[in-house]
């Protein structure tokens with residue numbers, strides 16, 4: 001792997017780490033309350049299992065990015081990291097997709113199922129969640145790019161040997 | 001690539017094709033209706049954008065699996081197929097995750113958001129959706145295995161050359 005490639009991968013991992021940490025912080029601090037028919041209605045991320053899954057995956061991704069940041073990517077270890085990168089990309093992809101599905105219901109509701117949109121009542125909560133999902137989406141895209149880069153490198157490495 | 005590897009990949013693609021087609025058929029035929037307060041309440045997959053996305057991704061995956069089934073996986077084409085396999089795995093992963101998030105709300109509801117579970121009213125619909133998600137999950141897992149196999153082969157191919 002050339003030095004330029006190594007720097008690109010290092011930077012992608014660093015950016016992905018930043019995006020995941022941002023996603024966690026923005027999601028965890030999301031909070032809003034509304035008065036509906038005299039009752040206080042409180043919105044927080046922990047009320048939705050999907051958002052908890054999202055935070056969990058991003059904590060895992062942050063820890064993983066931080067640990068792997070300084071690992072060498074040679075030989076067997078390089079292969080193991082590549083497989084772990086694939087799994088991490090799938091987990092990030094899964095968590096962001098699940099959250100987007102729930103966010104869509106929160107924003108638009110689903111009249112057929114009788115689920116009303118909630119963003120009109122708790123706009124601050126929805127804005128926070130939207131910000132967090134943008135950061136999570138960025139982390140997911142960065143991991144996909146990282147995967148393409150690592151993959152390209154591994155193939156080239158073996159091509160060069162040949 | 002040895003003949004055994006080629007057969008394994010062929011079979012994985014064939015199984016993934018079957019799983020995707022099953023997921024589409026079961027989802028599209030899901031239908032149930034219930035009487036709530038004298039009004040007829042009809043449940044079908046097309047009422048939920050996430051389920052439409054799921055069907056769309058599985059149609060794409062079926063078409064892709066069918067086309068690639070008979071392609072040779074050598075040289076540049078092999079690389080392009082590997083990248084397309086990664087993208088297809090991510091799309092299947094994304095669609096099944098989004099559907100699971102919605103299905104969880106359909107089954108358990110979310111009392112904090114005031115979204116009531118609907119599976120008590122339309123059990124036949126929920127059973128169909130559950131069946132479809134199992135098939136979709138199988139397709140997703142099969143594509144992940146396929147990815148690991150192709151990846152392993154490509155690496156070995158280049159190792160052998162070296």
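Coordinate-derived values only; no laboratory data. Not measured: the values here are computed from a predicted model. We place every Cβ from the backbone using ideal geometry, glycine too, and count neighbours over all the protein chains shown.
Dividing the mean sequence gap of close Cα pairs (under 8 Å, 6+ apart) by how many residues the stretch B:3-160 holds gives a relative contact order of 38 percent. Counting every C-alpha pair in the stretch A:79-162, the share spaced more than 17 angstrom apart comes to 59%. Arranged from fewest to most other beta-carbon atoms within 10 Å of their beta carbon, A:40, B:50 become A:40, B:50. Distances, shortest first, from the label point of residue B:59 to those at the same position in the other copies read 4.0 nm; the point lies 7 Å along Cα to C-beta. Computed over the stretch B:3-160, the range of Cα coordinates on each principal axis works out to 70, 29, 21 Å, biggest value leading. The P(r) of the stretch A:1-80 has a tail past 22 Å containing 46 percent of all C-alpha pairs.
Starting from the label point of residue B:3 at 7 Å along Cα→Cβ, the same points in the other copies fall at 5.0 nm, in ascending order. Taken as Cα centroids, the stretch A:23-44 and the stretch A:76-99 sit 31 Å apart, rounded to the nearest whole angstrom.
Ranking of B:149, B:119 by neighbouring Cβ atoms within 10 Å, starting from the fewest: B:149, B:119.
Arranged from fewest to most other beta-carbon atoms within 10 Å of their beta carbon, B:96, A:67, A:26 become A:67, A:26, B:96. The equivalent ellipsoid of the protein assembly as shown has semi-axes of 39, 27, 11 Å, largest first, where each one is the square root of 5 times an eigenvalue of the Cα gyration tensor. Between helix B:75-108 and chain B there is an angle of about 20 degrees, using the helix long axis and the longest principal axis of the Cα atoms.
Between this copy and the others, label points of residue B:84 are 3.2 nm apart in ascending order, each placed 7 angstrom from Cα in the Cβ direction. Between the helical axis of B:49-68 and the longest alpha-carbon principal axis of chain B there is an angle of about 20 degrees. Angle of helix A:123-161 to the longest C-alpha principal axis of chain A, folded into 0 to 90 degrees and rounded to 10: 10°.
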